[in-house]
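A short reminder: the numbers here are calculations on the coordinates, not readings from a lab. Values in this document were obtained by computation on a predicted structure and should not be read as measured data. Cβ placement follows ideal geometry from the backbone for every residue including glycine, while neighbour counts extend to all protein chains displayed.
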Amino acid sequence: MYKTLTFEEIQSIKSPFFSNLKKIYEKQWFVYFKQFIKKINEDIIDEILYFSAWEIYFRIVLQDNNLEIIDEKQAIKLKLTDETILKVHNSLKKKIDNTGKKNIANTLVENFWKENMENYLWKHFLVYDIETVWNIQNLKETRFMVGYVIDSKDYKDETPPKYKYVSEKNLNKFVDYLINYDGYIIWYNNIAFDNPVVVYNSSISENEWEEKIKIINEKSLDLFHVYSKIFWKRIWLNAVATNIVWVSKTLSSWAEWAQLLKHYNETWDQAALNKVKNYCKNDVKMTLTILLYLLFNWNISYNWVEKRIDIDYIKEHWCLIVENEIKNNILGL
């Protein structure tokens, strides 16, 4: 026999009901309770069971078109009205705020290597980012400074790959690696910016620039392109990452980044350079975790708007993006 309690009553008895519930949806790679319940409403027929050591310890039941969550061990039942869903969501969201936003991203990355997730993209892939002295008028005059890359090919014997530093000295080697890479090159706006910039800054002759950029672009999966197409507006990396994986940029603004770069160029202060390098490396982590969130959940979301995707969608929308489409539809150039 279950005892039906309200949200406030469960809180008052200091039950682990909500913390156990949070563990359930986090294991399924949902960041928020609202996302989890929305998916349950799509999938449930009569009930969904959750097991611990082969015993049922939670169940979600559809009763008279309303959901009920039952804790089998404590024999507690909570009826999910719209008001209760909001209370549970806000309560668990607040707890995440207080315990550290990077836990979600770290969990995704750790489980990615354990599950050999490169198979989800049918090929190996790498994620990279660069920092530059940007000439907004002419990409060909934009100067490469530092970069970071993480490559699924480096996963060996249960040892996760490390973030590799790309310096001006090894940029030529890195560009050759991109050109010959048998897999996907992933970034956020790499087709329109990062890919051409690394080629322009390499030792490749000018008459080969267009050809080499095309080779790299044709195997690039550009998350910026995907989000812009789905939501019909430009959504930048920090907005997406803070929204779904709760990782944000290490610097507060572009102005702070530009000041650090200016300070380094004037003084060669290594502390300033290290902050720029850490900023770049963190951007790679942000993009990697956005990708993993997408693959684990097969949905793409922003500000509570979710779009379900599947493998066919990925194949159709992520490959062979032509430059004119990018310039006309995304960048507005």
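Per-structure values
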read-out: Loop trypsin sites (Lys or Arg not before Pro), the range 1-97 (other Cβ atoms within 10 Å of the site Cβ: 12 or fewer; DSSP); value: Lys14
read-out: Given charges at beta-carbon only (K, R positive; D, E negative), |dipole| of the range 3-99 in Debye; value: 460 debye
read-out: FRET efficiency, 1/(1 + (r/R0)^6) with R0 41 Å, evaluated for Glu266 and Lys23 via beta carbons; value: 0.25
